[in-house]
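A.B. asks: Next up is a structure, given as structure tokens.
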Amino acid sequence: MAEPVTYRFQWQGADGYSMTGAMSFDRSLIAERVIREGDVACFHIDGFFEGQQIGRWALTMLHERTSWRLHFVPREEAFVVEGRGIPMPQAWNMNGAGDDCGEGGFGFNLGNLGQDFCRNDEPLFASRIDPFTPFPAIRDDQYEMPADACPGPPVIGLLDLPQTHS
């Protein structure tokens, strides 16, 4: 990523559930209409219940079975919510059924039924709020991204390279 643009966000769910997180993408994309999951270089979320952390998901945890969809509108500094013509615009380690965040895992979903959490492969219905609730983000280019939020290039310096002799 040449020059990152970073946004942090907070989400308030129902019944004492909340989430914080952040994402970064290349500054050259700031004029795009919508930033999608493939544009994001760094991302993490931390979920809470009554102030106590109940889960975390970061981009380094992404694998081939992860539900990973993201739609962010830089001009509005907001994530797309239901009703903008994109079914399930946010799926952050959680599909629409809430049954794929992994054993011991955590995820967030925003779709036609609402905005809510998944924990241990189960939807947390108590966290659900209306799908039309706005979900803003705040630009904060000084935000320090945690290491697990940013997948990096493979480390080749640790390989056992053959010795050369002159």
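A.B. asks: Assuming a ≥ b ≥ c are the square roots of the Cα gyration tensor eigenvalues, decide whether the chain counts as rounded (a/c under 1.5), prolate (otherwise, with a/b larger than b/c) or oblate.
C.D. replies: Note, shape of the chain comes out prolate.
A.B. asks: Let me ask something else. Once both labels are modelled 7 Å past Cα along the beta-carbon direction, what's the Q10-A97 spacing in nm?
C.D. replies: 3.5
A.B. asks: How much length would be gained if the chain were fully extended between D121 and D148, taking 0.36 nm per residue of separation minus their Cα-Cα distance, in nm to one decimal?
C.D. replies: 7.6 nm
A.B. asks: Another question, then. With each label point set 7 Å from Cα along the Cα-Cβ vector, what nm distance links D130 and Q53?
C.D. replies: 3.3
A.B. asks: In the chain, what percent of the accessible surface is made up of carbon and sulfur (1.4 Å probe, ligands and nucleic acids excluded)?
C.D. replies: 51
A.B. asks: So how do 38-46, 83-91 stack up, highest first, on mean other-Cβ count within 10 Å?
C.D. replies: In decreasing order of mean packing, 38-46, 83-91 become 38-46, 83-91.
A.B. asks: Accessible area per residue, 1.4 Å probe, Å², for the chain: what's the number?
C.D. replies: Using a 1.4 Å probe on heavy atoms only, each residue of the chain averages 55 Å².
A.B. asks: Using 5 Å bins from zero, what percent of all Cα-Cα pairs in the stretch 1-94 falls into each bin?
C.D. replies: Taking every Cα pair in the stretch 1-94, the percentages come to 3, 12, 22, 24, 21, 13, 4, 1, 0.
The values are calculated or read from the model by the stated rules, or taken from the named source; none is laboratory data. This one's a predicted model, so the numbers in the text were calculated from it and none came from an experiment. Using ideal geometry, Cβ is built from the backbone for each residue, glycine included, and neighbour counts are taken over all protein chains shown. Keep in mind that these areas ignore ligands, DNA and RNA; they rest on the heavy atoms of the full protein, side chains included. Shrake-Rupley method; radii C 1.70, N 1.55, O 1.52, S 1.80 Å.
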